[in-house]
Each structure stands twice: as structure tokens, then as C-alpha cells.
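Data block below; observations after.
The values are calculated or read from the model by the stated rules, or taken from the named source; none is laboratory data. Values in this document were obtained by computation on a predicted structure and should not be read as measured data. Here Cβ is always computed from backbone atoms with ideal geometry, including for glycine, and neighbour counts include all displayed protein chains. The protein model used for the area step is the full one, side chains on, heavy atoms only, and it has no ligands, DNA or RNA in it. Shrake-Rupley method; radii C 1.70, N 1.55, O 1.52, S 1.80 Å.
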Amino acid sequence: MTKLLAPLQSLKQGNWFKLICGASFQHLPAVRNLAIAYTLAGADCIDVAADPAVIAAVHEGLLVAKNLAQEAEERGFPFRGNLPFLMVSLNDGEDPHFRKAEFNSINCPPTCPRPCETICPAQAIVFNDQKDSFSGIIADKCYGCGRCVPVCPYEMIFTSSFVSTPGAVAPLVMSTGIDAIEIHTKVGRLADFQRLWASIVPQVNKLKLLAVSCNDGEGLIDYLQTIYDLIAPHCQVLIWQTDGRSMSGDIGDGTTIATVKLGQKVLAANLPGYVQLAGGTNSYTVPKLKAMSLLKRWGDGKIGKWGEKITPPPHYPTTPYIAGVAYGSYARVLLSPIFEQLENQEVSSTGIYASVGLENQPELLWQAVELAYSLVSQIKSQSEL
């Protein structure tokens, strides 16, 4: 008998929570602090850029969280030291998650109202009027949402994309201790998917989970079925991530509708594996799923107790419910007021910048965990209803 890991148990119970830090988000202090807060709040998976520095920052955050497990329990949070899976995102072609915005601030007219600075949810665009001060896009903070591009009055902002290199996959898996990989693909890119998959296969036995993320499109189900036929012999646990409206969850409640509809479409196809929502997810997502009876209740089926020894069958059987929800921009923006306060303390009395770990500011730390838990607990408590 094999003990089912806590994150896999969440998938089986239908209350899986994933934090998406961003496939191109590389602001190390923020990634580290997000990992701390959402781990302590009970997240099952943290999805990050396939960047060794970012992965190392998450590992640091996970270690900090593990050392705070007892205090978290005393404060009433569910974390008991069971760490979330660390997932990295890869892409087989151009994808909005794998891009950065760019522009040369020197060319910006002085009279421009700078709507790009206002609309950026990551606060990655700054303008400094002082000579020799940086103005433009802070690349590490930009996660490619693209909202700045159409609002520029002078059409000077553009994006640059990158595609995962197959040759970098094996050393990434072997040297950084990741638990899962997510492949972002698109209908019609089978050859590109096969190219990337060929580089993953030799290392796939080291992974605990594989996810495939895809937007809707004509022929979607046939495309996903073809992908399943390709990866099935090598993959034990599979998630279909239905990316309804990419990176839009912080815009408004209605953005979640697209991913719910896409989730229903994939569920109806009865593809083996779990279905997990993403793209436009926010505080409205779980209530919407509850209202539509798309979440599994605690008493539905035979569910093992936490930590019970269960032998997970290959590719887990098809389920008639949404197994989990991933949150990206909404989850990050939710904690931004806390992180702003933290950043304000990152200049010492000597004027030298020094990154402050969230754990070193206990009041802000537990405020951040409380905010994170307000989101995580939505799906974690759904089984009680």
C-alpha cells in the first residue's frame, strides 16, 4: 500500500488549490513571500517560472513555512507541515503567460498621462522624473498580462515572447527538486507538443504529477484526447487545466465564467484525469461552482481520511466534478497591500536596500496568511456544505 501525498489527496477529494506565481514572473522576494503565505494557508501546489533562481526562492519560502507549522496550527490555520507540490510551467509555442512587455521610456512624451503605469497590476511600470533614475518596465515583476499594450496613447509598448527549450528540461527536473510540470499548449500545435514531450519523457518518472493547460478552440477535445494517448503510458496523475480567460481574475467577478464553461466542456468529454480551473479565477469562482453543483461534496464516494494508505490507480478515473482551482493574478493582487508595506521597510537607516523576508515581520506575515486563507478556505471548506 502507498501513502497518498497530501496534495494528491486534495485532488481526490476535489478541494485542490493551486497558486500560480506566473510563468514569467521572476521577482524573487515576491515569489518567496507568496510561497510562505499560501503554504501556511494550506495551498496544494505552487506553480512558478522554469527559472532556477525562482525555484530556489520558492524552496526557501517552503522551508520558512515548514518551520512555522506549529505556530500556524496554534493560530488556527490548517497547515501541518505537508508541503505543496512545486510545479514549473513550460510552453510548446507562443503563449501570453510566457512574455514580457517592453518599451523605451526615453521616447515617452512628457505630456503623456501614463495610463500604463496605472493599469499594471504588478506595479512593474515606473516613471522617475529624476535624472539617472530608472523609468520603464521592471522586467522581473512583469508577468505578461498585456494590459498596458492597448492603453498606450502612442502605441509604443510591445511584448516579447519566449518558448521553453527542450534541452533545458532534463537538467531542470534533475537539479532543482520540482514535483510537477505543466505544459501550456494550444489546439493545432501537436508537433510542437511532441517535441517538448520527448524531452520530458526520460525524466517523467521523477515527477509526481503532470498538468496540461489549454485554452478553448475548435477541435479542443480531439486535441486533448490525442495528447492523452501520447502521454498516458508515462503519466500516473494528470490534470487538465482549463484556461478560460488568461491572467484576468483580478479584473472582475465575471471573468470566471469563461473558465467554468470550459471546465464543463472538458468534464463532459470524460477524459481520464482531473479537471482544474484557471484563467479568470477569483473569489467568485468557488461560489459559482457550488451553485452549479460542480464540486464534489465530502460524502460523495469513498474518500480516505487524511493520511490514510491508499493505492492511487494510474491516471485516476474520470471524475464528474471540478477537482480544483488555480489562482494567479487574483491571488497575487490579494496580498499586494501587505507586500507594499513590506517593501516600504526594505530601505535601512543607511539608505541601503535590503530585501525583508515576510517571516521577519510577524504582524504582516500573519495578516498575509489570513488573506491567503480567505481564498484557500473557499474550496477547502466546500466539502462541508
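Data for the structure
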{"quantity": "Residue check for A43: surrounded by 24 or more Cβ atoms within 10 Å (Cβ to Cβ) and in contact with a helix residue (DSSP H, G or I) (Cβ under 7 Å, 6 or more places away or on another chain)", "calculated": "yes"}
{"quantity": "Residues of the stretch 140-150 that turn out to be under 18 Å from N107 (Cα atoms) and in contact (Cβ under 8 Å) with a residue 24 or more places away in the chain, as a count", "calculated": "2"}
{"quantity": "Matching residues, the stretch 208-250, being open to solvent by 40 Å² or more (accessible area, probe 1.4 Å) and in contact (Cβ under 8 Å) with a residue 60 or more places away in the chain", "calculated": "K208, N215, Q236, D250"}
{"quantity": "Verdict on T111 being β-branched (V, I, T), free of Cβ contacts under 8 Å to residues at least 24 places away in the same chain and under 28 Å from D250 (Cβ atoms)", "calculated": "no"}
{"quantity": "Residue in the stretch 6-13 that is in contact (Cβ under 8 Å) with a residue 60 or more places away in the chain, within 18 Å of A278 (Cβ to Cβ) and within 11 Å of the chain's Cα centre (by Cα) present", "calculated": "no"}
{"quantity": "Residue count, the stretch 137-158 (criterion: farther than 20 Å from G22 by Cα and not hydrophobic (A, V, I, L, M, F, W, C))", "calculated": "4"}
{"quantity": "Residue within the stretch 44-62 that is at pLDDT 95 or above, under 25 Å from A368 (Cβ atoms) and part of a loop (DSSP other than H, G, I, E, B) present", "calculated": "yes"}
{"quantity": "Extreme residue, nearest to I221 (Cα to Cα), among residues of the stretch 251-261 that are open to solvent by 10 Å² or more (accessible area, probe 1.4 Å) and part of a helix (DSSP H, G or I)", "calculated": "K261"}
{"quantity": "Residues of the stretch 162-201 satisfying the condition of being among the hydroxyl-bearing types (S, T, Y), in contact with a Ser or Thr (Cβ under 9 Å, 6 or more places away or on another chain) and open to solvent by less than 60 Å² (accessible area, probe 1.4 Å)", "calculated": "S164, T185, S199"}
{"quantity": "Complete set of residues in the stretch 189-208 that are of a type in the set (A, V, I, L, M) and at pLDDT 95 or above", "calculated": "L190, A191"}
{"quantity": "Sole exception among (1) open to solvent by 30 Å² or more (accessible area, probe 1.4 Å); (2) in contact with a helix residue (DSSP H, G or I) (Cβ under 7 Å, 6 or more places away or on another chain); (3) over 17 Å from T159 (Cβ atoms) for I119, by number", "calculated": "(3)"}
{"quantity": "Pick from the stretch 130-167, criterion aliphatic (A, V, I, L, M) and more than 16 Å from S89 (Cα to Cα), ranking: farthest from the chain's Cα centre (by Cα)", "calculated": "M156"}
{"quantity": "Any hit, the stretch 264-273, residues being crowded, with 21+ Cβ neighbours inside 10 Å and either touching a helix residue (DSSP H, G or I) at 6+ places or on another chain (Cβ under 9 Å) or on the phi < 0 side of the Ramachandran plot (or both)", "calculated": "yes"}
{"quantity": "The lone exception for F127 - which of (1) surrounded by fewer than 18 Cβ atoms within 10 Å (Cβ to Cβ); (2) touching a Cys at 6+ places or on another chain (Cβ under 6 Å) it fails", "calculated": "(2)"}
